[in-house]
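Have a look at the structure below, then the notes.
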């Protein structure tokens, strides 16, 4: 077979893998839902509807839940599925511990405009942070970033670009490349990923205190990726192992989960 023909076949094969990897990325990374099923009022909380504009002009939606006995403010970066209305129990738990809470939907989720992308999610988180510091006048050192699952990577990126008091992640991936190696161990898809979400690399440069929470029974983000995230994170840092599946571990852990978070944040 002539070299030119062989080269064209190889180039075509690489292009197909690159194209197919992009489709797999988008399908696996984002599972947004548009319908808001309930508001914080369903768990007895007053809230403020907030609309923000990200740096690229996309409008995003969130909820601000104030508190009379303010300690710190939690900026909630949720996972890759559903929308903010599926996190009401967690919002209520943070509120009951004495925290302001601001939770927002990424672009393409809930009532937020646009469609999700790595760069877009980072811009959305920055807009949410600026809302806290500029509109609500929350001091940066009083802001706690809470990132669940993919939101852990969003929180890691934000913490690398702004000042925060602490970072807490739960069930977070170390990077998309690491996940690709786990999901497709016999295929080189990790070489072609475009959306990196390199949480481990970014937390390695973040000086704020970090609490990495992960379940050994996590059925979506393997426990070893949580261990890698902790191992590469810059000190000061703590690791808290819980039990249960990816979406239910927080609830299965019960009071111990919130006691650990409260203890960690009380040291700041």
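The values are calculated or read from the model by the stated rules, or taken from the named source; none is laboratory data. Remember, predicted model here, so these are calculated numbers, not experimental data. So basically every Cβ, Gly included, is an ideal-geometry build from the backbone, and we count neighbours across all protein chains shown.
When residues in the stretch 73-105 are screened for being touching a helix residue (DSSP H, G or I) at 6+ places or on another chain (Cβ under 8 Å) and part of a loop (DSSP other than H, G, I, E, B), 5 of them pass. When residue 110 is tested against (1) closer than 25 Å to residue 216 by Cα; (2) touching a helix residue (DSSP H, G or I) at 6+ places or on another chain (Cβ under 7 Å), just one condition goes unmet, and that condition is (1). Counting only residues that are within 18 Å of the chain's Cα centre (by Cα), under 14 Å from residue 168 (Cβ atoms) and touching a residue at least 24 places away in the same chain (Cβ under 8 Å), the stretch 216-236 holds 3 of them. Evaluation of residue 114 against the conditions (1) in contact with a strand residue (DSSP E or B) (Cβ under 7 Å, 6 or more places away or on another chain); (2) closer than 19 Å to residue 36 by Cα shows that the sole unmet condition is (1). Among the residues examined, residue 108 qualifies as crowded, with 18+ Cβ neighbours inside 10 Å, at pLDDT 95 or above and in a loop (DSSP other than H, G, I, E, B). Pairing each residue of the stretch 129-141 that is within 15 Å of residue 66 (Cα to Cα) with any residue that is exposed (fewer than 13 other Cβ atoms within 10 Å of the Cβ), provided the two are 6+ apart or on different chains, yields C-beta distances under 9 Å for 133/139; 138/70. Within the stretch 111-125, the set of residues being crowded, with 17+ Cβ neighbours inside 10 Å and not in a loop (DSSP other than H, G, I, E, B) comprises 118, 120, 121, 122, 123, 124, 125.
All conditions in (1) outside any loop (DSSP other than H, G, I, E, B); (2) in contact with a helix residue (DSSP H, G or I) (Cβ under 8 Å, 6 or more places away or on another chain) hold for residue 128, with the sole exception of (2). Among residues of the stretch 231-244 being in contact with a strand residue (DSSP E or B) (Cβ under 6 Å, 6 or more places away or on another chain) and under 11 Å from residue 204 (Cβ atoms), the one that is surrounded by the fewest Cβ atoms within 10 Å (Cβ to Cβ) is 237. Filtered by the rule that a residue be in a loop (DSSP other than H, G, I, E, B) and modelled with pLDDT under 95, the stretch 25-36 gives a lone residue, 30. In the condition set (1) over 19 Å from residue 197 (Cβ atoms); (2) at pLDDT 95 or above, residue 119 is compliant with all but (1).
Per-residue answers, yes or no, for (1) in contact (Cβ under 8 Å) with a residue 12 or more places away in the chain; (2) within 19 Å of the chain's Cα centre (by Cα); (3) assigned to a loop (DSSP other than H, G, I, E, B):
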{"position": "38", "(1), (2), (3)": "yes, no, yes"}
{"position": "42", "(1), (2), (3)": "yes, no, no"}
{"position": "46", "(1), (2), (3)": "yes, no, yes"}
{"position": "49", "(1), (2), (3)": "yes, no, no"}
{"position": "60", "(1), (2), (3)": "yes, yes, no"}
{"position": "67", "(1), (2), (3)": "yes, no, yes"}
{"position": "71", "(1), (2), (3)": "yes, no, yes"}
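The set of residues in the stretch 165-179 that are touching a residue at least 60 places away in the same chain (Cβ under 8 Å), closer than 15 Å to residue 234 by Cα and surrounded by 23 or more Cβ atoms within 10 Å (Cβ to Cβ) comprises 166, 168, 169.
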